[in-house]
Amino acid sequence: MTAILESLQTAFAELAPSKLALEQVVATGLPAARNEQWKYTSLRSLSTRRFAAPSASLTTLDSATTEAIAAISAPRIVFINGVFDAGNSALTDLPNGLNIQSDVPSHADNDLGFANAHEIFAQLNIAIARHGLQIKVDNNTEVTSCMNAVFVSVKTEQDLAIHLRHKIVLGENSKLDLIEHHIAQNSHQHLVNHFCEITLERGAQLMHARIQQDDIGASHFLRTEGTLQANAGYHRLDLELGSHLSRHDLQVKLLGDGATLNANGSLIASGRRHVDTRLDIQHVAKNTSCNLLWRGLATERGRAVFHGGILIENGADGTAAHLSNKNLLLSDNAEIDTQPVLVIHADEVTASHGATVGRLDAGHLFYLRARGIPEAQAKAMLTNAFCRETLKVLVREELINSVAPHLEKMLQAIEVQE
C-alpha cells in the first residue's frame, strides 16, 4: 500500500460516508505510467505523501482573504478547506427557483460507479466527500444574478486531503451563470479533489467559468461529468492558473437532439507546474454540436498535457464537432503533449480536430517591435491575445471582464525566454 492511501484510510476510517468505496480505492491503488490515461502524468511523488482529514475548527481566514471574498458578489457560497463557511457566504434572499445546499446527499455503497485505476480520484471522492456545492434550478427559471462558489485553501499544521462533491441540476428551460473561484490564503501542500455532476434538462442553459488559482504547492484534481438533454446548452471556461500538479477530466454526453456544448480553456504551465486536461465528449443524439477551443502555454520547466477526445455514436446524424488545441512553448526546457482524437460512427456529420505546438510568431513580434514596443511588452501582448481568445465562450462582456483580470495577472508574471 502506498503512503498516501494508507494515510487516507487511517484519516477517514470513521469519517468516510462509504467505507466500501474507500476499501476499493486501497485495493485498486494509484494508476501507474503504463495506464494509458495517466501516461504523461506521474503520481510517483504524490504516492509518498501523507494527508490528514480537514477540521473546521483549525482554519481561520485573515483580513485580506476575508475582504477578497466579500468583494465577490452575492449569491455566494464559501468553503474553507472543504468545509462550508456560513459566515463568509451570502445566501440570503436567493432568487426564486434557485436552491442551494452544502451537504452531499448519502450515497449507496452498491452504486459506486468507479472501479478502474484511472478513475481513482473519483472513487476517492465518492468514499470521502461530505460537503460540496449542491445547486438545483427549477423548471422555467432564469436566475439573473451570477452565482459564485469560492473554495479557499488555508495552510494547517498537517497537509490535508480536501474532497468536495458538487451536483448542479438545471430544470427544463432554466438558465444559470456560475463562476468558481479556487484560491489559497497562503502556501500549502494540500490534496484537493473535486467531483462535479452536471445535469441540464431540456432547453436548460448553463454558463460556467472555473478559475483555478490554488497555491503552487497544491495537488488539484477534478472530474466533471455532464449530461445534456434536448436543446440544452452548456458554455464552459476553465482557467488552469495554479497548483503544482493539476488534472481535470471533463466528460460530457449530449443525449438529446439539438444539445450544444461550447467548452474552452487555458492551461498555463509555468515554473515547474504540471497541468493535465482530458476531454471526452460523446455525441449520442441527432443534430448535436460541440466547439472546443483550448490553449496551452508552457515556460521554464512547466509541462502541459492535453487529450481532446470526441466520439460520435452510431445514429448521431447531423453532428457538428470541432476541436482546436494550439500551444506555445516559451522556453527550451518546457514540454507540451497533445493528443486530439476523433472517432465517428455516424453519417452526415461535420467534424474537425487539430493541434499545434510552436513558438511565438516571429513576424508578429517583429511587427510590434518595429512600432516601438519593447520586446518584453510585445511578447506579453502576444501571449495575452493567444490565451484571451478562450474567454469568448462566456459571450457576455460582463462575465468576460470579471474573469479576464485573473488570466492577465498570471500571464504578466511569465517570463518568455529565447
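If Val349 passes every condition in (1) touching a strand residue (DSSP E or B) at 6+ places or on another chain (Cβ under 9 Å); (2) closer than 30 Å to Ile179 by Cβ; (3) among the aliphatic types (A, V, I, L, M) but one, which one does it miss?
Only one criterion in (1) touching a strand residue (DSSP E or B) at 6+ places or on another chain (Cβ under 9 Å); (2) closer than 30 Å to Ile179 by Cβ; (3) among the aliphatic types (A, V, I, L, M) is unmet by Val349, namely (2).
Go over the candidates His244, His235, His248, His322 one by one and state the one that is touching a residue at least 24 places away in the same chain (Cβ under 8 Å) and in contact with a helix residue (DSSP H, G or I) (Cβ under 8 Å, 6 or more places away or on another chain).
From the options His244, His235, His248, His322, the qualifying one is His235.
Return the only residue of Arg371, Arg396, Arg359 being closer than 20 Å to Val305 by Cα and either open to solvent by 70 Å² or more (accessible area, probe 1.4 Å) or more than 26 Å from the chain's Cα centre (by Cα) (or both).
Answer to the selection: Arg359.
Grab the strands (runs of 3 or more DSSP E) fully contained in the stretch 78-166, keeping just those with 2 or more residues being surrounded by 17 or more Cβ atoms within 10 Å (Cβ to Cβ), touching a Ser or Thr at 6+ places or on another chain (Cβ under 8 Å) and at pLDDT 95 or above.
It comes to 131-137, 147-153.
Would you be able to tell me the number of residues in the stretch 165-198 that are farther than 23 Å from Asn231 by Cα and of a type outside the set (S, T, N, Q)?
So the count comes out to 13.
Quick one: in the stretch 221-245, of everything that is open to solvent by less than 10 Å² (accessible area, probe 1.4 Å) and within 9 Å of the chain's Cα centre (by Cα), which residue is farthest from Leu292 (Cα to Cα)?
My answer is Phe221.
Residue under question is Ala209, and the condition is that it be within 17 Å of Ile135 (Cα to Cα) and touching a helix residue (DSSP H, G or I) at 6+ places or on another chain (Cβ under 9 Å); does it hold?
When the stated conditions are applied, Ala209 passes them.
Quickly run through the stretch 374-393 and pick out the residues that are open to solvent by less than 90 Å² (accessible area, probe 1.4 Å) and within 17 Å of Ala209 (Cα to Cα).
Cys387, Arg388, Glu389, Thr390, Leu391, Val393
Mind telling me which of the residues Glu197, Glu201, Glu180 ends up being under 29 Å from Lys409 (Cα atoms), of a type in the set (D, E, K, R) and either open to solvent by 20 Å² or more (accessible area, probe 1.4 Å) or at pLDDT 95 or above (or both)?
Glu180
If the Cβ limit is 7 Å and pairs must be 6+ apart or interchain, which residue in the stretch 376-390 that is under 15 Å from His406 (Cα atoms) pairs with which residue that is of a type outside the set (A, V, I, L, M) and assigned to a helix (DSSP H, G or I)?
Ala380/Gln412; Asn384/Glu408
Being under 18 Å from Arg223 (Cβ atoms), at pLDDT below 85 and either open to solvent by less than 10 Å² (accessible area, probe 1.4 Å) or outside any helix (DSSP H, G or I) (or both) is the filter here; which residues of the stretch 23-52 pass it?
Of everything in the stretch 23-52, just one residue is under 18 Å from Arg223 (Cβ atoms), at pLDDT below 85 and either open to solvent by less than 10 Å² (accessible area, probe 1.4 Å) or outside any helix (DSSP H, G or I) (or both), namely Val25.
So, Ala56, is that one closer than 22 Å to His190 by Cβ, touching a strand residue (DSSP E or B) at 6+ places or on another chain (Cβ under 7 Å), touching a residue at least 24 places away in the same chain (Cβ under 8 Å) and open to solvent by 30 Å² or more (accessible area, probe 1.4 Å) or not? Quick ask: steps written out before the conclusion?
Details: closer than 22 Å to His190 by Cβ: yes; touching a strand residue (DSSP E or B) at 6+ places or on another chain (Cβ under 7 Å): yes; touching a residue at least 24 places away in the same chain (Cβ under 8 Å): yes; open to solvent by 30 Å² or more (accessible area, probe 1.4 Å): yes.
Criteria met by Ala56.
Restricting the stretch 322-346 to residues that are more than 22 Å from the chain's Cα centre (by Cα) and not hydrophobic (A, V, I, L, M, F, W, C), which is farthest from Thr277 (Cα to Cα)?
If we take residues in the stretch 322-346 being more than 22 Å from the chain's Cα centre (by Cα) and not hydrophobic (A, V, I, L, M, F, W, C), then His345 is farthest from Thr277 (Cα to Cα).
Pull out all pairs, ordered by first then second residue, where Cβ-Cβ is under 9 Å, the residues are six or more apart or on different chains, the first lies in the stretch 1-20 and is more than 17 Å from Leu164 (Cα to Cα) and of a type in the set (A, V, I, L, M), and the second is open to solvent by 70 Å² or more (accessible area, probe 1.4 Å) and outside any helix (DSSP H, G or I).
Ala3/Thr48; Ala3/Arg50; Ile4/Thr48; Ile4/Arg50
The values are calculated or read from the model by the stated rules, or taken from the named source; none is laboratory data. What you see is a predicted model; the values in this text were computed from it and never measured. Counting neighbours? That spans all protein chains shown, and the Cβs are built from the backbone with ideal geometry, glycine included. When the accessible area is computed, the model is the full protein with side chains, heavy atoms only, and any ligands, DNA or RNA have been set aside. Shrake-Rupley method; radii C 1.70, N 1.55, O 1.52, S 1.80 Å.
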